[in-house]
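Asker: Here you go, one structure.
Computed from the coordinates by the stated procedures, all read-outs in this text should not be read as laboratory data. On a predicted model such as this, the values are computed, not experimentally measured, just so you know. In this analysis, Cβ positions are derived from the backbone assuming ideal geometry, glycine residues included, and neighbour counts consider all displayed protein chains.
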Amino acid sequence: MLKQTDRPVPPSGLTDGPAVLALDGITKTFPGVKALSDVSLALYPGKVTALVGENGAGKSTVVKILTGIYQPDGGAILMDGQRAAFPAPQAAARSGVTAIHQETVLFDELSVAENIFLGHAPRGAFGLIDRKAMVAQARGILDGIGAQIDPDHKLKDLGIANKHLVAIARALSIDARVVIMDEPTAALSHKEIEELYELVESLKAQGKAILFISHKFDEIFRIADNYTVFRDGQLIGDGSIGDVTEADLVKMMVGRDVSQIFPKRTSRPGAPVLTVTGYAHPTEFEDIGFTLRTGEILGFYGLVGAGRSEFMQSLFGITRPSAGSVEIDGVAVHIASPADAVENGIVYVPEDRGRQGAILDLPIFQNVTLPSLGRISGRGFMRLAEEFKLAREYTERLDLRAASLDTHVGNLSGGNQQKVVIAKWLATQPKVIILDEPTKGVDIGSKAAVHAFMAELAAQGLAVVMVSSEIPEVLGMSDRVIVMREGRIVAELAGPEMTPETLVRHAAGI
Amino acid sequence: MSTTDRAIPDRLRSPLEQRLKSWETLLLAVAVAIFVANSFASPYFLNAWNLSDATFNFTEKAMIAFAMALLIISGEIDLSVASIIALASTAMGAAVQMGVGTPGLVLVGLGVGLLCGAFNGVLVTRFGLPSIVVTIGTMSLFRGISFIVLGDQAFRGYPASFSWFGQGYVWWVISFEFVLFGVIAVIYGILLHKTNFGRAVYAIGNNPTGAMFSGIRVQRIKFILFLLTGLMSGVAAICLTARLGSTRPSIATGWELEVVTMVVLGGVSILGGSGTIVGVVIAAFVMGLVTFGLGLLNVPGIVMSIVVGALLIGVIALPRLWTMWRTG
């Protein structure tokens, strides 16, 4: 039988039989990032294992390894105790591993049955698709999960919840032994979530092993048998769900020393500079209101999908709000485009640097001066000497490392690209700078530089808004923290209220 | 690598060095080669009046090509330019029948060009439709109107003072059209390479999302580019109509592809984001010299278009084949 490795001593309460599928000492490295470091995970027949962790803890990477999308750099995948390899998604499917992804990939123009069986439809004569059998089998699977959907309908005619059921049916259309559910309830209403729980119970009764990824503690405690906690790509703890409390899980998720790596700063908030009232969008967020003062760093925390970036981009003029008003220095302003926002002194450093933040195929100096050209040119004619001067001034303030100012931004490291984007905005002499996940994909050294620089900007009287999903960053940098959940502000925290536990509780709604 | 002076240099390669290794230099060599080959192939080539005539092969198309170059660099395209010529020329012909004089005709030509450009621009920038689809549609629409108005008839009777735009000479063999071509080239060269507007065009072509996130009014600039392309089509319509002295609905048929060919041959990336006006100027001369040289040798028109097509593919493929061969 399987060789007992050093790590997976079966957690307490897991004495019923061997694991169907196990990861043993898996490591996965991406350029510059160690996504998973020696992690282990075991899934047992008829049991639900909850995988818990912050954004970026490595949960999605694990799912991709289990479904053959990524190949691990080290460690072993064990199927019934035998070493297995999933070199491609088809291999994982053949071994009976199936996943319901966070963002399901379905095809609007195909029928429900075609979506369910795409890639493995039942074949008839001459290897052609046996449409009748396919529709019949699709109906069987849909009935099995209690979904009243006609398999002949086109997918685009279905609502979002029914699409999700089709995705579940697709996952069950292969003879699965392991079902992975990656935040399956994120898009569902209360009633649909109840139905999903029943489905999970019936899958358990059929002896399937289930990996359940969720941020919602109530559902974890309701349906999970076991838990596994990841943090920063490492296994922090696992065991039977009955042995832990919510507080234990939160502590395992976030527990680390938060205070040391961030610059010490004494905040002296001054006059209010930005006041947002009743900001709303038809689908993404509603009733957002807050006041930002000069010299202040205001953190926005929330889970992925809480509507933070969507709100910031609306404030920056990318999308139009359905209601709400903005005041700068007490004067109401109308922002219909990013150009308007920049003119009013609001700038935005987006999360997606390559597509939104920088223009990778243009040189550094042209990126830096792009929004400031009107100011440094003479009647619309560019002045190259002035451009280089401005670019030099701000890139040097940010300690940019590059071969020359004529280097294309695409040739720089993530951290230096981020410095170019920040330099571009500082050159416009803004009043409010919004940084969206400012250190995502940035190496440790540049991270500290960006943090130090944020502190310096605030000390000089700039008002800073920082959207971050990294709890240490939020707590280490912010004077105040606003927590968003499902498009709404659910908490505003300051001083001693700012603890990892309170952030996670408010963000997850517990 | 460790220098005590941490200052980042402005540039590593001088602008002159970059220029010498550029597409434009290669293209200039091609132009010279064609010139030399032509002068050997035909005894009539090296004649001032013949060379002057040769410029009419490209001046009108090149006027549009400069505006088209900016449009393509910004990531859009306008395939309706030749149909705008037809519509503008038809409008001018109709105005002649109503007794409008030369200044009025010029205004009509420019006005129709601007209106057509505005129509394309609104459809692309306000309604977010892809420009290739919009302008294939307006290509049929504009010329269709011209066909409805004219049928198999033609407008004639342009005043003699109007003909000067297409047939007049400023000095010796230097035609008005050639001077206008030069002036427009300089204006577009300055607009693209020396102004904030030109920088924004490059930024949009490289990354429209990034440009918008940098506070550039992307849709407004694209709309202006469609206006300019329409306007230049109007200018070309004035010159061509004046040169031919008549308007038929089939005027300038197929020019949209010749204009795009000129732009791409000039080194403008069809995907947007790069290219120069100098390149388009040289490409205009290359295409003019090729068609003129072949004309002197009595090569039929259909063969000419084969040669121009082969030239386009050849000049664009050669550098890529060269790097593929060198890198194995």
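Asker: With unit charges on the beta carbons (Lys and Arg positive, Asp and Glu negative) and the dipole taken about the Cα centre of the protein assembly as shown, which residue among A:LEU249, B:MET232, A:LEU435 sits farthest to the positive side?
Answerer: With unit charges placed on the Cβ atoms, the residue in question is B:MET232.
Asker: Could I ask something else about it? Using a simple charge model, +1 on the beta-carbon of Lys and Arg, -1 on the beta-carbon of Asp and Glu, nothing else, what dipole does the protein assembly as shown show about its Cα centre, in debye to the nearest 20?
Answerer: 2140 debye
Asker: Within the set of other residues whose C-beta is less than 12 Å from the C-beta of A:GLU192, count the net charge using Lys and Arg as +1 and Asp and Glu as -1. Intermediate results must be reported in sequence, preceding the final value.
Answerer: Values: positive: A:LYS163, A:LYS191; negative: A:GLU194, A:GLU195, A:GLU198.
So the surrounding residues net to -1.
Asker: Report, in deg cm²/dmol and to the nearest 500, the calculated mean residue ellipticity at 222 nm for chain A, where each DSSP H run with n ≥ 4 adds -39500 (n - 2.57) and the sum is divided by the residue count.
Answerer: Mean residue ellipticity, 222 nm, calculated: -9000 deg cm²/dmol.
Asker: For chain A, take the alpha-carbon Rg, divide it by the Kirkwood Rh, and send me Rg/Rh.
Answerer: On the way: Rg = 25.5 Å, Rh = 25.2 Å.
Using Cα coordinates only, the ratio equals 1.01.
Asker: How much net charge surrounds A:ALA455 when only the other residues with a Cβ under 9 Å from the Cβ of A:ALA455 are counted, with Lys and Arg +1 and Asp and Glu -1?
Answerer: Local net charge: +1.
Asker: In peptide A:346-353, how many Cβ atoms from other protein chains are near each Cβ within 10 Å, on average?
Answerer: Average per residue, whole number: 2.
Asker: Post the alpha-carbon centroid distance, segment B:282-320 to segment B:13-80, in whole angstrom.
Answerer: Taking the Cα centre of each part, segment B:282-320 and segment B:13-80 sit 11 Å apart.
Asker: Within a Cβ distance under 14 Å of B:ALA67, other residues only, what is the Lys/Arg minus Asp/Glu net charge?
Answerer: In short, -2.
Asker: Between segment B:124-196 and segment A:458-480, how far is it from one alpha carbon centroid to the other, in angstrom?
Answerer: Each part's Cα centre sits 56 Å from the other's.
Asker: Something else: Tell me which chymotrypsin sites (Phe, Trp or Tyr not before Pro) from segment B:99-177 have a DSSP coil assignment and no more than 13 other beta carbons within 10 Å of their own.
Answerer: The qualifying sites are B:PHE127, B:TRP172.
Asker: Still on this model: Under a point-charge model restricted to the Cβ atoms of Lys and Arg (+1) and Asp and Glu (-1), what is the dipole moment magnitude of chain B relative to its Cα centre, in debye to the nearest 20? Walk me through the numbers before you get to the answer.
Answerer: Details: 18 positive and 12 negative charges, 130 e Å.
Charge dipole of chain B: 620 debye, to the nearest 20.
Asker: Where does segment B:46-321 land on the Kirkwood hydrodynamic radius, alpha-carbon pairs, in angstrom?
Answerer: That comes to 19.0 Å for segment B:46-321.
Asker: So, one more: Inside 10 Å of the C-beta atoms of B:213-223, what's the mean count of C-beta atoms belonging to other chains?
Answerer: Averaged over the peptide's residues, the number is 6.
Asker: Over chain B, with a Gaussian network built from C-alpha contacts below 10 Å, which listed residue (B:GLY104, B:GLY75, B:GLY113) shows the highest mean-square fluctuation?
Answerer: B:GLY104
Asker: Using +1 at the C-beta of Lys and Arg and -1 at the C-beta of Asp and Glu, which of A:ALA161, A:GLY119, A:LEU172 has the Cα lying farthest in the positive direction of the dipole of chain A?
Answerer: Towards the positive end, the residue furthest out is A:GLY119.
Asker: Counting only other chains, and only Cβ atoms inside 10 Å, what mean value do you get across the residues of A:333-339?
Answerer: Per residue, the number of nearby Cβ atoms from other chains is 3 on average.
Asker: When you count, for each residue, the other Cβ atoms within 10 Å and take the mean per peptide, how do B:63-73, B:249-259 rank with the highest first?
Answerer: Answer by packing, highest mean first, reads B:63-73, B:249-259.
Asker: Among A:489-497, A:220-228, what's the highest-first ranking by average C-beta atoms within 10 angstrom per residue? Don't skip to the end; give the middle numbers.
Answerer: Working: A:489-497: 13.8, A:220-228: 21.0.
Put in order of decreasing packing, that is A:220-228, A:489-497.
Asker: Roughly what % antiparallel, to the nearest 5, for the DSSP beta bridges in the protein assembly as shown?
Answerer: 60 percent
Asker: What helices does chain B hold that run 30 Å or longer along their axis, going by alpha-carbon atoms, with a Kyte-Doolittle average of 0.5 or more, using DSSP H for the helix calls? List each step's numbers first, then the result.
Answerer: Numbers: long enough: B:102-125 (34 Å, 1.75); B:218-244 (39 Å, 1.51); B:301-326 (37 Å, 1.63).
Those that clear 30 Å and a mean of 0.5 are B:102-125, B:218-244, B:301-326.
Asker: Next up: For a protection proxy built on the mean count of beta-carbon atoms within 10 angstrom, sort A:357-364, A:270-277, A:451-458, A:94-101 highest first, please.
Answerer: Result, highest mean first: A:357-364, A:94-101, A:451-458, A:270-277.
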